[in-house]
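To keep things clear, I will list the structure first and then write my remarks on it.
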Amino acid sequence: MKFSLAYEMQRPMLDDHAVIEETIEQCILADEMGFDAVWFVEHHFLTTFSGSPCPEVIFGALSRLTKRIRLGFGVSVLPYHHPVRVAERVAMVDQLSHGRVEFGTGRSAPYEQIGMGIDPRDTREMWDESLSMIPKIWSSDYFEFEGKFWNVPPRQVLPKPYQHPHPPIWVAALQPATYEIAAQKGIGVMALGVNAPAVLEPEIKKYKAAVKNATPVGLTTNDQWLSSIFGLCGEDSKATRDLSAQSLKTFFGPGRPYVQDQKDVYEKLLEQWGGIPEHLLSNFARYVDVEKTPAATNGNSAQSFDLSGGALAQKIWEEFDSETMAERGVIVAGDPEACIKGAKLHEATGVDELQFLMATETVGHDAVMKSIEMFGKYVIPEFRKNSTAPSAPECPIS
């Protein structure tokens, strides 16, 4: 299983320059410590939440400051850009990095789409049309296209990617319908919803079976599944788990970009985390219809439930404890032994790559650097025992 880092470039209490410098320092260390990839979002207008509007620019720097770590567009929002420009920029980064690009794609959300002058109702078709064009641009001497949203007369588009035939293609996915589309098109799934692995396991199996019969949109099939979670490694297991859990709750807190305008968001998050833990169900028994709300069994079964309104679901979600999150693999956090245990929960479900969001507005630079170092020394080597890489030093943390 591969290990990677995700970057929103948060930390709103710092200035832009400090965020950029710290992010680069973290990525250089991640390269040295054996992480497989760094993934950068593309977000716009999300003041205090994300400072990453143009991944290809920071990748220009990282392509020369790192040696082996892969550089992931996580994701390029296709409706915002002419497909020719996307193809050019991704190919240029691939050339600069000597073939280390991962090409993630997506559509973003209505708040950003409207800010860009894009009708949210068009974005599925725009993504589909652009995605059909980009691999052909990379593989054609002269490219031409007539579509609903873009027309290109015969033109030569350079550069071509360094990788042959092109970088692996992915799609950001939050629901089963998108997993199915990914399988049909032969592209990788980036499951960005922060789910307990037991909840995703049936979907991973379905995807892995279906992608074998793909009609690839590119010249190759990418049949990998990536799961995104929150992670942090430190010497004090409980304190580290609590810090990671708080980071996750802040990220999905009321009014934040990933929950705004969503209906029943906290009910859905509870489902994604494996259902209401028994101890919380008992605490809220007088407010919850227990007959309609079965408790999860050791985090191994998703549940459907009937709560008396979104405010109650939000309150239960807020009290979801870090220990249960770690037990279920919603976070992979704690000392190295705890992180190894949590990562193996994901590995057992068929996940090919585990992507961690470590650097957030509530987790400081020093804690992130320490976490990256400890993952590299003690956690990642546990999943590379059959490789020829030199063994890591023995973990001193019990």
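The values are calculated or read from the model by the stated rules, or taken from the named source; none is laboratory data. Because the structure is a prediction, the values reported are computed rather than measured. Because the Cβ atoms are built from the backbone with ideal geometry, glycine has one as well, and the counts that use them run over all protein chains shown.
Okay, here's what the table says:
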item	result
Residues of the range 62-102 that turn out to be in contact (Cβ under 8 Å) with a residue 40 or more places away in the chain, among the β-branched types (Val, Ile, Thr) and in a strand (DSSP E or B), as a count	2
Residues (free of Cβ contacts under 8 Å to residues at least 60 places away in the same chain, part of a loop (DSSP other than H, G, I, E, B) and of a type in the set (D, E, K, R)) located in the range 221-279	Asp223, Lys263, Asp264
Pair list, Cβ under 7 Å, 6 or more apart: the range 314-332 residue acidic (Asp, Glu), other residue assigned to a loop (DSSP other than H, G, I, E, B)	Glu327/Gly299
Residue among Glu32, Glu88, Glu56, Glu102 that alone is assigned by TED's automatic domain parsing to the domain that holds His365, closer than 16 Å to Val171 by Cβ, of a type in the set (Asp, Glu) and at pLDDT 95 or above	Glu102
Matching residues in the range 108-143 - criterion: being of a type in the set (S, T, N, Q) and assigned to a helix (DSSP H, G or I)	Gln113, Thr123, Ser130, Ser132, Ser139
Which numbered condition Gly147 fails, given (1) in contact with a strand residue (DSSP E or B) (Cβ under 8 Å, 6 or more places away or on another chain); (2) small (Gly, Ala, Ser); (3) surrounded by fewer than 18 Cβ atoms within 10 Å (Cβ to Cβ)	(1)
Selected residue [at pLDDT 95 or above, under 22 Å from the mean Cα position of the chain (by Cα), part of a helix (DSSP H, G or I) and among the polar types (S, T, N, Q)] from Thr349, Thr324	Thr324
Residue match in the range 99-116 (condition: of a type in the set (Gly, Ala, Ser), surrounded by fewer than 20 Cβ atoms within 10 Å (Cβ to Cβ) and out of contact with any Pro (no Cβ under 9 Å at 6 or more places or on another chain))	yes
So Val101, is it in contact with a Leu (Cβ under 6 Å, 6 or more places away or on another chain) and not hydroxyl-bearing (Ser, Thr, Tyr)	yes
Close pairs from the range 140-154: first over 14 Å from Asp128 (Cα atoms), partner assigned to a strand (DSSP E or B) and of a type in the set (Asp, Glu), Cβ under 7 Å, at least 6 apart	Val152/Glu144; Pro153/Glu144; Pro154/Glu144
Output for the range 26-61, where each listed residue is closer than 21 Å to Gly364 by Cα, assigned to a helix (DSSP H, G or I) and touching a strand residue (DSSP E or B) at 6+ places or on another chain (Cβ under 9 Å)	Gln26, Cys27, Ala30, Asp31, Ile58
Residue pairs meeting the criteria (Cβ under 9 Å; at least 6 apart or on separate chains; first surrounded by fewer than 22 Cβ atoms within 10 Å (Cβ to Cβ), in the range 366-382; second at pLDDT 95 or above and hydroxyl-bearing (Ser, Thr, Tyr))	Ala367/Thr240
From the options Gly334, Gly253, Gly310, Gly234, residue that is within 17 Å of Ala196 (Cβ to Cβ) and either modelled with pLDDT of 70 or more or buried (at least 21 other Cβ atoms within 10 Å of the Cβ) (or both)	Gly334
